[in-house]
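Data first, discussion second: the structure below is written as structure tokens.
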Amino acid sequence: MKQRKICMLGTSSVGKTSLVRRFVQSVFSEKYHTTLGVKVDKKIVKSDGDPVCLMLWDIEGEDRFYRIKQNYLRGLAGYLLVADGTRPVSLDAAIRLKSNMASAFRDTPHFLVLNKSDLHDQWCLQAADIKKIASAGFTVISTSAKTGENVEQVFTKLVELIN
Amino acid sequence: MNESFLAGLLESNDIVVLKKSMRPYFLRLTPAPDWYFDLITKEEGGEGCLDIDLAPPFLQNFFVDALQLPRESEGAQISSGVWIQESQEEGECYFEAKSTVHGGTLVLIIKKLGPDFVRRHQQIQVARERELVNEKLERLVRQRTLEVRQREEEIILRLLAASGAKDDETSAHVRRIGLYCAEVAKSLGWSHEEIDNIRLAAPMHDIGKIGIPDHILLKPGRLTEDEWAIMRTHPELGAEMLGNTNIPVLQMASSISLYHHERYDGSGYPLGIGGEQIPLAARIVAIADVYDALVHERVYKQAVPEKTVLDMMQAQVGKHFDPVVFQTFLSCIDQIRRICSANQDDRHNHLLMA
Ligand SMILES: Nc1nc2c(ncn2[C@@H]2O[C@H](COP(=O)(O)OP(=O)(O)OP(=O)(O)O)[C@@H](O)[C@H]2O)c(=O)[nH]1
Ligand SMILES: [Fe+2]
Ligand SMILES: [Fe+2]
Ligand SMILES: [Mg+2]
């Protein structure tokens, strides 16, 4: 079976682990349990009728306590840059992460995932943020690990781009 | 392999040591604790054999780095970083692998992380949660500050509109001046705070005019010498009204009022100072004010085409206007035009003019 490696990137507490848990196990927890290091989950999906085994690398959020090791990105087929719509700083972090990606990954399929869409009334992205997103050249998908909105879709779309 | 090196490791139940063997295998040198079989499921190539290609994906990825360690680099060590593995009994377990060269052999050490790590996790958990709270507070403060600012701005503009209702200064005009000046200040690299200040302060440049008697201020024909002399006191009147404060925006407004009719060559009033002696904020306002007055129609004059306005102003560079500031003004002329068309006379103004 084909295997494809997908990385979850973003700053801490944006919902990387929650998205993977929603996608793989269909569960969600309100409690924040920060990831230290890396957790790899597998999920088999169908793409063009053929099964593909996704290796989902959930990597600790990059912030003042942690720098992502570039070695973890080896063999990457696609990645999701996750940001939290209620935290503009998480968007800046996602943009920074993208621009720090090694040149080898410049054309690797990826999306900007604006998570926590269930908290839409608390989102505080300004016009300037929207501009930043556009000029960073992102394709944006908003999701909610809590309600499940667009979670399946974001992974499926990424797999479509990869194959 | 050095026996005592191994013996030291053997005692521990949270470590497994392996050495590189024929590809694709590593050979286990220490007993296998239960947790080891959660990691690698089974030893396909016979007892003690770890098949690289069957290892957990994280470890496989680390092997690539480990296998690149040169055999000559005795003692060199690299670490995989922490990874998490789900176990049937214990739930999430944390591991870390290290690779080193010992006696010319590549050695792999897999360690299950214990209580020390749990404590570290707890610390980082708390630190991250605290960071989230701080971030939220900062966001709230910033938003409140913005709201207060907007309220200030609205109050200033409404009072200005009321005070200017008699003469020709419309509320749209003073708002535009503020926005033009903010744009120029931004191009000049001013801080956020100073940009906010000039946006609010610039509209007050003519506030001293409320101290000028109506028969002069509203006189339809030419002013006499004496009337002009009174008219020319408006910068000082305004500066006095706004001065004597330690609120930065009012300090700036007071200074702008005092100096907005000074000219770069020293031929202005009330003090007749020139060049850099005129505060920068006032040099910016002088340009913004003239531009806006000329491109708009007034009771006593027609609007002048913008190109003509800019030519006329260009001719005044070094005389009336600061060359650098005028250049900066030109460099943001597109934004200035956008501000201009987006801020034409509003309903609010018509009400006050009625
Ligand atoms: N309302 C809401 N909360 C969410 C959503 N996704 C995640 N959360 C919450 O946000 C917090 C952080 O989620 P995690 O999935 O642990 O975030 P992470 O990106 O893995 O964080 P690190 O592992 O620290 O890098 C948790 O309290 C989750 O319950 C969502 O879509 N909606
Ligand atoms: Fe004036
Ligand atoms: Fe004016
Ligand atoms: Mg996580």
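The values are calculated or read from the model by the stated rules, or taken from the named source; none is laboratory data. Just so it is clear, the model here is predicted, and its values are computed rather than measured. Glycine gets a Cβ as well: all are built from the backbone with ideal geometry, and neighbour counts include every protein chain shown. Ligands, DNA and RNA are excluded from the accessible area calculation, which covers all protein heavy atoms including side chains. Shrake-Rupley method; radii C 1.70, N 1.55, O 1.52, S 1.80 Å.
Miscellaneous remarks
- Counting only protein chain heavy atoms and rolling a 1.4 Å probe, the accessible areas of A:VAL24, B:VAL118 rank, largest first, as B:VAL118, A:VAL24.
- Per-pair calculated FRET efficiency, R0 = 30 Å: B:ALA342 and B:MET231 via Cβ, rounded to 0.05: 0.40
- Peptides B:44-51, B:231-238 ordered by average Cβ neighbours within 10 Å, highest first: B:231-238, B:44-51
- When the surface is traced with a 1.4 Å probe over the full set of protein chains, B:GLU153 keeps roughly 40 Å² accessible.
- DSSP-defined beta bridges in the protein assembly as shown - what % are antiparallel, rounded to 5: 60
- Residue pairs, from the table A:LYS5/A:LYS31; A:LYS39/A:LYS131; A:LYS46/B:LYS136, whose Cα atoms sit over 29 Å apart: A:LYS39/A:LYS131; A:LYS46/B:LYS136
- Peptide B:139-146 - average C-beta neighbours from other chains (10 Å radius): 1
- Remark: mean inter-chain Cβ contacts per residue of A:58-69 equal 2, using a 10 Å Cβ-Cβ cutoff to other protein chain atoms.
- Among beta bridges that DSSP assigns inside the range A:2-162, antiparallel share in %, nearest 5: 35
- Accessible heavy-atom area order of A:ARG4, B:ARG71, B:ARG298, highest first, probe of 1.4 Å: B:ARG71, A:ARG4, B:ARG298
- Surface accessible to a 1.4 Å probe, A:TRP123 within the full protein complex, Å²: 50
- Ordered from largest to smallest accessible area (heavy atoms of protein chains, 1.4 Å probe), the residues A:THR17, A:THR108 come out as A:THR17, A:THR108.
- For chain B, complete DSSP H runs whose alpha carbons reach 18 Å or more along their own long axis and whose mean Kyte-Doolittle score is 0.5 or higher are B:280-295.
- Peptide A:31-42 has a mean of 6 when you count, residue by residue, the C-beta atoms of other protein chains within 10 Å of its C-beta.
- Accessible-area composition of chain B, carbon plus sulfur, in percent [1.4 Å probe]: 53
- Accessible-area value, A:TYR32, 1.4 Å probe, nucleic acids and ligands omitted, Å²: 50
- Cα principal axis extents for the protein assembly as shown, largest first, Å: 111, 49, 39
- When both the range B:198-258 and the range A:41-88 are represented by their alpha-carbon centers, they are found 62 Å apart.
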